[in-house]
Amino acid sequence: MQMVEIRTDDLLLRPWRPADVADVRRAGRDPEPVGADAVSLAVCDAGDGTLLGGACLNALDRSRGTATFDYWVAPWARSAVVATHAGRALLGWAFERLGLVRADWCAVVGDHPARLTALRLGFRMIGVRPASSGQPEEWLAALVPGDLTGPGHDVGPAVRRQATVFGGDPPTLVAGPVSLRPPAARDTAGLRAAYRDPEIIRWYGVPEQATDADIHRFLVDTVRWQWARGEEAVFVVAGPDDAFTGIADLRIGDDPEVGEVGYAMLPEARGRGHATAALRALTRWGVTQLGLARIQWQAEVGNDASRRTAEKAGFTVEGVLRSGYEQDGRRRDCWVASMLAREMTA
């Protein structure tokens with residue numbers, strides 16, 4: 001591969017030098033050999049030459065016009081600016097000079113700063129590669145020349161907020177007489193009781209025959225991965241003694257500004273306002289912390305208790321979705337309601 005040097009207003013991308021080894025190690029990385037099928041460049045400050053990180057095109061296949069984009073940023077650099085500017089410079093050069101038709105990207109699920117950089121550059125998220133052979137789940141994305149963003153482009157505020165929130169630990173939300181906290185293994189008995197409640201089974205079609213191992217796996221593993229992906233926040237609704245009284249969740253779909261809530265309470269916790277308090281707290285968190293503009297609620301027509309809770313929490317019923325969802329092999333009509341960010345009361 002020819003010697004490459006790329007300049008922007010603020011960065012210089014140049015070949016690695018022996019003198020860079022000390023700074024690479026100071027950044028907590030080991031120098032890596034550059035193969036014949038890669039373009040690997042040091043990312044430096046264009047003014048004083050300080051090493052800021054590295055940017056690379058791995059698995060470069062000139063015949064197919066593809067490569068995998070990777071980068072790292074030193075702790076002393078401003079990661080969002082450096083990573084995005086360096087990536088835009090290297091990818092733009094690769095599309096123009098090397099004739100690439102697609103750049104791929106991957107990162108461990110939960111690495112939200114890396115995902116933000118990919119989104120800022122215009123990468124399209126195309127899925128998740130399942131964990132295997134001791135390797136973690138990975139996000140997969142791809143970029144074609146026409147999608148590479150220009151200088152100054154950024155993702156929306158909701159995407160940035162959600163990256164910050166889901167990149168950290170789940171919070172505990174105070175909701176008057178109850179709290180919403182992250183699920184734990186000790187909640188197995190409570191969720192088992194919920195799964196066996198006739199009303200919950202009737203309206204939600206939960207796995208009535210779920211074993212304790214299934215429930216434990218959901219509480220400990222599934223919930224954690226849903227949070228890491230930024231797809232869903234699941235909370236246990238806990239009473240004053242911290243015991244399980246119900247469960248509530250907020251899901252994020254393809255539109256990062258729209259969420260959907262769900263909730264279910266044990267029989268002994270119903271009629272006491274706990275579900276309404278939990279729903280209000282969860283909705284407020286979704287608006288203020290995740291940047292949601294609209295939060296939806298849906299329930300099968302006839303689930304009057306759930307509808308009353310949604311309306312008491314401030315949701316506006318918008319109508320009926322005919323055959324809006326499938327449960328137990330049958331299409332069912334469902335009510336749909338919403339809370340908009342501008343309707344959130346103090």
- Which stretch or stretches of the stretch 42-86 have amide N atoms under 13 Å from the point lying 7 Å from ALA19's Cα along the Cα→Cβ direction? 48-51
- Place a +1 charge on the Cβ of each Lys and Arg in the chain and a -1 charge on the Cβ of each Asp and Glu, then give the dipole magnitude about the Cα centre in debye, rounded to the nearest 20. 380 debye
- Return the sequence-ordered ³J(HN,Hα) values of the stretch 135-141 in whole Hz as given by the Karplus equation 6.51 cos²θ - 1.76 cosθ + 1.60 applied to θ = phi - 60°, using x for Gly and Pro. 8, x, 4, 9, 6, 10, 8
- Message: For a quick check, take a GNM of the chain with Cα springs below 10 Å and name the residue from ARG322, ARG217, ARG14 with the largest mean-square fluctuation.
- Response: ARG322
- A student applying the Cα gyration tensor rule (rounded when a/c is under 1.5; otherwise prolate if a/b is larger than b/c, oblate if not) would label the stretch 166-343 rounded
- Taking the mean number of other Cβ atoms within 10 Å as a proxy for protection, how do you rank 21-27, 72-78, 277-283 from highest to lowest? 277-283, 72-78, 21-27
- Given labels modelled 7 Å from the Cα in the Cβ direction, how far is it in nm from GLU32 to GLN327? 4.8 nm
- Please turn the phi angles of the stretch 24-37 into ³J(HN,Hα) values with the Karplus equation 6.51 cos²θ - 1.76 cosθ + 1.60 (θ = phi - 60°), one per residue in order, whole Hz, x for glycine and proline. 4, 5, 5, 7, x, 10, 9, x, 10, x, 9, x, 5, 9
- Query: By the scheme Lys and Arg +1, Asp and Glu -1, what is the net charge of all other residues having a beta-carbon under 15 Å from that of MET125?
  - Reply: -2
- Antiparallel DSSP beta bridges within the chain, as percent of all bridges there, nearest 5: 90 percent
- Counting helices only, and only those DSSP H runs with n ≥ 4, report the 222 nm mean residue ellipticity of the chain as the sum of -39,500 (n - 2.57) divided by its residues, in deg cm²/dmol to the nearest 500. -7500 deg cm²/dmol
- Estimated FRET transfer efficiency (ASP242, HIS153; beta-carbon r; R0 35 Å; 0.05): 0.15
- Item | Extension gain, ARG251 back to LEU98 (0.36 nm per residue minus Cα-Cα distance, nm) | 51.0 nm
- Sorted by chain and then number, the residues having a modelled amide H within less than 5 Å of the amide H of VAL301, at least 5 places away or on another chain, are ASP333, CYS334, TRP335
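Laboratory data are not the source of any read-out in this text; all were calculated from the coordinates shown. Source: prediction; values computed, not measured. Note that we place each Cβ from the backbone using ideal geometry, even for glycine, and neighbour counts take in every protein chain shown.
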